[in-house]
Amino acid sequence: MAEPPKLRVLMVSDFFFPNFGGVENHIYYLSQCLLKLGHKVVVMTHAYGNRSGVRYMTGGLKVYYVPWRPFVMQTTFPTVYGTLPIVRTILRREKITVVHGHQAFSTLCHEALMHARTMGYKVVFTDHSLYGFADVGSIHMNKVLQFSLADIDQAICVSHTSKENTVLRSGLSPAKVFMIPNAVDTAMFKPASVRPSTDIITIVVISRLVYRKGADLLVEVIPEVCRLYPNVRFVVGGDGPKHVRLEEMREKHSLQDRVEMLGAVPHSRVRSVLVTGHIFLNSSLTEAFCIAILEAASCGLLTVSTRVGGVPEACPLHGSQVLPDDMVVLAEPDPDDMVRAIEKAISILPSINPEEMHNRMKKLYSWQDVAKRTEIVYDRALKCSNRSLLERLSRFLSCGAWAGKLFCMVMILDYLLWQLLQLLQPDEDIEEAPDIRLCHHRGVEVSEGLKEEDKVRNG
């Protein structure tokens, strides 16, 4: 028999495969590395199309696609209490010890953290984005975050800038917030075996074409760069509301033969697009930590990026040696400054060695290191003392004169509903799921849990 898992972790977020993005990749790679470290990891997300129920992924990663449909921007409709029965069932079936929620935008994450704390589980939250303080949407989101994080055990942010932003928005104690950066799978993102010719310089953009990702900057930067450098072409991958503006720009300046629009690019094809280029352009207006520039650097591309959010932490400019300055050229989120940065990148392009850059990235970034640091956060969470309902309510009262009282009422009702479920279906009546541990046997992956079941079935 295999050894029992060290920890049993439930990852919860609205954002997971088959959807693609930074949060989805983070959850997947972190889960895979935690599995290799001997922990049990289960993912809970909403249904995607006809993908509903329980699925297994590489390494025995178990995924619950609960029958909730996305409401807007891949997030589920906020029900507050509607997810309590299924969250309780999953927590009991999988014998979970730590609940780890991801992304402030995720409704499912916030509700699962609330229910888990009501039931006495240890909870950890990872924030992947930066938010403002002045606009209506940010004000409401920050109040929700303040409610959701008022009772958590530990939090993780992906950059120092993100940590400061989260602490200011949520009122969380800085001592509870850890900074663990993202990483990149360097085995997946390798340079091309033959470097593309520099007779034609290709600048690659792979991003959601939305305002926050600086799509409007691209509309002004691309024509100017094409005017200055007749041998430069652009490859733009991604889709979004600003796609129309880029198409209009291409038509207006007659750049159809120099600006290629790929549309949405699946993550499995990102590497094949990157290796066709020489320079990667990131025009984000806000970014907690940009995984895309790591993937580009791992493929041997020189990066030009806006100096926003956590991006400057990836260079010596702010004292961090995570991504050396010979791998990235930073610019202010201004069209003129970005054009100058691209000019500088083109001038130093001959000195770039893709293979050398890839080898350096292998030493700088590792998901195994991220998983080991996350383990420490889990251990800290498990050492936190259990709090009674009254102690927890006192935390919510501090969230505001009116909001605090409203949050207390929400938590009291959640507690009463949990007690009702305990009466209707005691914990002992919820069947525990067997642990599925994969091992290699004669070149074939065989499930430990299924082998044990077969033994019982066959007598």
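The values are calculated or read from the model by the stated rules, or taken from the named source; none is laboratory data. Every value quoted in this text rests on a predicted model; they were computed, and no experiment measured them. Cβ atoms come from the backbone with ideal geometry, glycine included; neighbour counts cover every protein chain shown. Ligands, DNA and RNA are excluded from the accessible area calculation, which covers all protein heavy atoms including side chains. Shrake-Rupley method; radii C 1.70, N 1.55, O 1.52, S 1.80 Å.
Between 0 and 90 degrees, rounded to the nearest ten: what's the tilt of helix 107-118 against the longest Cα principal axis of the chain?
Computed tilt is about 30 degrees.
Quick check for me: using +1 on Lys/Arg Cβ and -1 on Asp/Glu Cβ, what's the dipole size of the chain about its Cα centre, in debye to the nearest 20?
800 debye
About the Cα centre of region 181-316, what is the dipole size in debye to 20, counting +1 per Lys and Arg Cβ and -1 per Asp and Glu Cβ, all else neutral?
100 debye
Leaving ligands, DNA and RNA out of it, report the carbon-plus-sulfur percent of the accessible area of region 201-364 at a 1.4 Å probe.
50 percent
Per-residue HN-Hα couplings for region 390-396, Karplus 6.51 cos²θ - 1.76 cosθ + 1.60 at θ = phi - 60°, whole Hz, x for Gly and Pro?
Those phi angles translate into 5, 5, 5, 5, 5, 5, 5 Hz.
When only C-alpha pairs under 8 Å and at least 6 residues apart count, what is the relative contact order of region 1-135, in percent?
Worked out over region 1-135, it gives 26 percent.
Set Lys and Arg Cβ to +1 and Asp and Glu Cβ to -1, take the dipole of the chain about its Cα centre, and tell me which of 351, 21, 201 lies farthest positive.
21
Need the C-alpha centroid separation for region 250-318 versus region 1-66, integer Å.
If you average the Cα positions of each part, the centres end up 28 Å apart.
Output the direction-averaged projected area (hull surface divided by four) of the convex hull of the alpha-carbon atoms of the chain, in nm².
Averaged projected area of the chain's Cα convex hull equals 24.5 nm².
Which order do peptides 27-37, 61-71 fall in by mean Cβ count within 10 Å, highest first?
Highest mean packing first, the order is 27-37, 61-71.
Quick one: 3J(HN,Hα) in Hz for region 155-169, Karplus 6.51/-1.76/1.60 with θ = phi - 60°, rounded, Gly and Pro as x.
Once rounded to whole Hz, the list reads 9, 10, 10, 8, 7, 5, 5, 5, 4, 4, 4, 5, 4, 5, 6.
From the residues 282, 72, 370, which one has its Cα farthest along the dipole of the chain in the positive direction, the dipole being from +1 and -1 charges on Cβ of Lys/Arg and Asp/Glu about the Cα centre?
370
Against the longest alpha carbon principal axis of the chain, how many degrees, from 0 to 90 and to the nearest 10, is the axis of helix 367-383 turned?
30 degrees
List the aspartates and glutamates whose Cα sits under 15 Å from the Cα of residue 190, skipping any in the same chain fewer than 8 residues away.
Correct list for residue 190: 295, 355, 356.
Which value at 222 nm does the chain reach when only helices count, each DSSP H run of 4 or more adding -39,500 (n - 2.57), with the total divided by all residues and rounded to the nearest 500 deg cm²/dmol?
-12500 deg cm²/dmol, from helical runs alone.
With viscosity set to 0.890 mPa s and temperature to 25 °C, compute the Stokes-Einstein D of region 201-364, Rh being the Kirkwood radius across alpha carbon pairs; µm²/s, no decimals.
Rounded, D is 157 µm²/s.
Just to confirm, what accessible area per residue do you get for region 48-173 at 1.4 Å probe, in whole Å²?
Heavy-atom accessible area per residue stands at 37 Å².
If I take every Cα pair under 8 Å that is 6 or more residues apart in the chain, average their sequence separation and divide by the length, what percent do I get for the relative contact order?
RCO, the chain: 15 percent.
For residue 95, list the lysines whose Cα falls under 27 Å from its own Cα; do not include residues on the same chain fewer than 8 positions away.
Here the lysines satisfying the reach criterion relative to residue 95 are 6, 36, 40, 62, 122, 176, 372, 383, 451, 455.
For residue 344, go through the lysines and keep the ones whose alpha-carbon is under 23 Å away, minus same-chain ones fewer than eight residues off.
Excluding near neighbours in sequence, the set is 213.
If amide hydrogens are placed 1.01 Å from N in the peptide plane, which non-local residues have theirs closer than 5 Å to the one on residue 12?
Close amide H contacts, sequence-distant or interchain: 44, 100, 101, 102.
Can you give the accessible area of residue 58 in Å² (nearest 10), computed on protein heavy atoms with a 1.4 Å probe?
Residue 58 has an accessible surface of roughly 90 Å² with all protein chains in place.
Quickly rank 139-147, 199-207 as a protection proxy: mean count of other C-beta atoms within 10 Å, highest first.
199-207, 139-147
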